Amino acid sequence: QVACIEVVEAYVERIKEVNPLINAVVKDRFEEALQEARQVDKLLSEGPGDDCLEEKFPLLGVPITVKEAFSVYGMPNTSGLVNRRNVIATSDATVVSRLKQAGAIPLGVTNCSELCMWYESSNRIYGRTNNPYDLQRIVGGSSGGEGSVLAAACSVIGVGSDIGGSIRMPAFFNGVFGHKPTTGVVPNDGQFPNAHGVRTSYLCTGPMCRYAEDLEPVLRVMAGPGVSKLKLNEKVSLKKIKFHCMDHDGGSIFVSPVDKEILQAQKKVVEHLESDLGVEVQHVAIHKMKYSFQIWSAMMSSKDSEGQEAQRFTDLLGDHGKPVWPLWELMKWLVGMSSHTLPAIALGLTEKLVNLNLSGKTKLVSMGKSLQEEMEALLGPDGVLLYPSHPTIAPKHHSPICMPFNFAYTAIFNVLGLPVTQCPLGLGSEGLPLGIQLVAAAYNDHLTLAVARYLEKAFGGWVLPGEV
């Protein structure tokens, strides 16, 4: 109905209009994008029939944005680390290359937290990204720029990565959809930092979108040949899904209690499923979920099957240069002299503590393995678990430092290797997004995606900021 150049121009104008407020796009490629849009229009005017093009280029002319941690040719690839500020990507990450080959047009790269290891997207290179629903609130991390840019209607598709909730927290705080696929299907190549050792089993690359129906076609392109493992061609009968619901983690001492509004939203989902589909949602209490943060922490720092140690965060902070001493960086930070953010320094300090209690760590790793078996048995081939996305709605800037472990609600599913779709559920009393996580057994991504499409129709999905 409209020319590709018109679509790309509209998105470019939208970014120029709102980016000064949200600071989500940190480097644009507008000129190249407009040129690529003209080429798409030329192809359409002289090309073969629509069917042939649709098969070859399923995302032809679709504007996308990419988390800055992924390499996009000609764009910076710093992950917010000051000593990488001159790094420009000379190639595309595998998923970016696949999306481009499918016809997508990158508009630019978006902000993340320093080294992608914190849930507020702020760093010493690009500054802080703001939530489009309330500029005083966080966007989540580490794919926070993507969450913000999608919520503000500046992009159609976002490329995110997730090792502790980095797709799902920004999707939740910004009221959009995000999918963490089953581990090991979508390639992680071409992002910095990439996972090494045991963490390769926990890091996932996946799509973020305003509309639930867009997750699946983008996931197909991202997964490439591995897509068959995800059963996306299987028809899903919602009435045959065994739904389970867990209201909270059981009361971990490290994590805030779940907000009433989040619990109410989840209750409404349960009531709707039961009345509309005629299913019975089973309430479960999985005792080990109470130790989510400790399990994630222990598994993230454990050795892999070949005995290789997990990569140290302090080594990444130095980016293979001089080692970083967290205590010294803290002293420098107090007088405004450090090139690192406080969360990154704090993570460097706590990393040392985790390895002090080795016997406790071994117990937690084995608890994690046993929880994985328990989850797989509970969910089976046709189960979906409803679970809060986070204990609170989008907090104010800087406040995550007072509740640093709240990301445990998303992180536990990384070490369990399960697919999770984050689904928005409208806005709460303060005009901030509500949402829920939909979890299935490994390789049952098709189930959570189908439930997300269903809940979008029932609860309205994404709401344009400022519209209510």
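When you look at Val218, is it hydrophobic (A, V, I, L, M, F, W, C), open to solvent by 20 Å² or more (accessible area, probe 1.4 Å), in contact (Cβ under 8 Å) with a residue 12 or more places away in the chain and out of contact with any Cys (no Cβ under 6 Å at 6 or more places or on another chain), yes or no? It is false that Val218 is hydrophobic (A, V, I, L, M, F, W, C), open to solvent by 20 Å² or more (accessible area, probe 1.4 Å), in contact (Cβ under 8 Å) with a residue 12 or more places away in the chain and out of contact with any Cys (no Cβ under 6 Å at 6 or more places or on another chain). Among the candidates Gly47, Gly103, Gly80, the residue that is out of contact with any strand residue (DSSP E or B) (no Cβ under 7 Å at 6 or more places or on another chain) and on the phi > 0 side of the Ramachandran plot is uniquely Gly103.
Kindly indicate whether Glu234 is over 24 Å from the mean Cα position of the chain (by Cα) and in contact (Cβ under 8 Å) with a residue 24 or more places away in the chain. When the stated conditions are applied, Glu234 passes them.
All conditions in (1) farther than 15 Å from Val218 by Cα; (2) touching a Pro at 6+ places or on another chain (Cβ under 7 Å) hold for Cys52, with the sole exception of (2). Does Leu316 satisfy being open to solvent by less than 20 Å² (accessible area, probe 1.4 Å) and either of a type in the set (Lys, Arg) or part of a helix (DSSP H, G or I) (or both)? Yes: the conditions hold for Leu316. Taking residues in segment 161-174 that are assigned to a loop (DSSP other than H, G, I, E, B), and partners anywhere that are open to solvent by 10 Å² or more (accessible area, probe 1.4 Å), the pairs with Cβ atoms closer than 6 Å and at least 6 places apart or on different chains are Ile163/Tyr202; Ile163/Leu203; Gly164/Phe407; Gly165/Phe407.
Of all the listed residues (Ser389, Ser399), the sole one being polar (S, T, N, Q) and touching a helix residue (DSSP H, G or I) at 6+ places or on another chain (Cβ under 7 Å) is Ser389.
Being in contact with a Ser or Thr (Cβ under 6 Å, 6 or more places away or on another chain) and either of a type in the set (Gly, Ala, Ser) or at pLDDT below 95 (or both) is the filter; apply it to segment 380-439 and report the residue that is most open to solvent (accessible area, probe 1.4 Å). The selected residue is Met403. Considering segment 50-157, the qualifying helices (runs of 4 or more DSSP H), each wholly inside and each with 3 or more residues that are open to solvent by less than 10 Å² (accessible area, probe 1.4 Å), run over 94-101, 144-151. When segment 228-280 is limited to residues that are among the acidic types (Asp, Glu) and closer than 30 Å to Leu432 by Cα, the one that is surrounded by the most Cβ atoms within 10 Å (Cβ to Cβ) turns out to be Asp249. Cβ separations smaller than 7 Å between residues 6+ apart or across chains give the following pairs from segment 247-273 residues that are part of a helix (DSSP H, G or I) to residues that are open to solvent by 60 Å² or more (accessible area, probe 1.4 Å) and polar (S, T, N, Q): Glu261/Ser429. Each residue in segment 391-438 was checked for being over 25 Å from Asp304 (Cβ atoms), touching a residue at least 24 places away in the same chain (Cβ under 8 Å) and not polar (S, T, N, Q), and 26 of them qualify. Just one of the numbered conditions (1) within 24 Å of Ser366 (Cβ to Cβ); (2) touching a residue at least 60 places away in the same chain (Cβ under 8 Å); (3) crowded, with 18+ Cβ neighbours inside 10 Å is not true of Val284: (3).
Within segment 2-21, restricting attention to residues that are modelled with pLDDT of 95 or more and over 26 Å from the mean Cα position of the chain (by Cα), the residue that is surrounded by the most Cβ atoms within 10 Å (Cβ to Cβ) is Cys4.
Quick grid of which residues meet (1) touching a Phe, Trp or Tyr at 6+ places or on another chain (Cβ under 7 Å); (2) not in a loop (DSSP other than H, G, I, E, B):
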| residue | (1), (2) |
| --- | --- |
| Pro381 | no, yes |
| Ile393 | no, no |
| Ile401 | no, yes |
| Pro404 | no, no |
| Thr410 | no, yes |
| Asn414 | yes, yes |
| Gln422 | yes, yes |
| Gly426 | yes, yes |
| Gln437 | yes, yes |
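Checked against (1) under 8 Å from the mean Cα position of the chain (by Cα); (2) open to solvent by 10 Å² or more (accessible area, probe 1.4 Å), Gly160 passes all but condition (2). Restricting attention to segment 366-379, and to residues there that are touching a residue at least 60 places away in the same chain (Cβ under 8 Å) and surrounded by fewer than 18 Cβ atoms within 10 Å (Cβ to Cβ), which single residue is farthest from Met299 (Cα to Cα)? Here the residue is Leu378.
Restricting segment 440-468 to residues that are of a type outside the set (Gly, Ala, Ser) and over 24 Å from Val236 (Cβ atoms) leaves a set whose member that is modelled with the lowest pLDDT is Val468.
Only one of the listed residues (Val186, Val198) is in a loop (DSSP other than H, G, I, E, B), touching a residue at least 40 places away in the same chain (Cβ under 8 Å) and closer than 30 Å to Val365 by Cα. That residue is Val186. Restricting attention to segment 22-51, the residues being under 28 Å from the mean Cα position of the chain (by Cα) and small (Gly, Ala, Ser) number 3.
Figure legend. Inter-residue proximity from segment 1-17: first residues under 17 Å from Val40 (Cα atoms), second residues aromatic (Phe, Trp, Tyr) and open to solvent by less than 60 Å² (accessible area, probe 1.4 Å), beta-carbon distance below 6 Å, spacing 6+ or different chains. Indicated pairs: Val12/Phe30.
The values are calculated or read from the model by the stated rules, or taken from the named source; none is laboratory data. These figures come from a predicted structure and were not determined experimentally. Glycine gets a Cβ as well: all are built from the backbone with ideal geometry, and neighbour counts include every protein chain shown. SASA here: full protein model, heavy atoms, side chains in, ligands and nucleic acids out. Shrake-Rupley method; radii C 1.70, N 1.55, O 1.52, S 1.80 Å.
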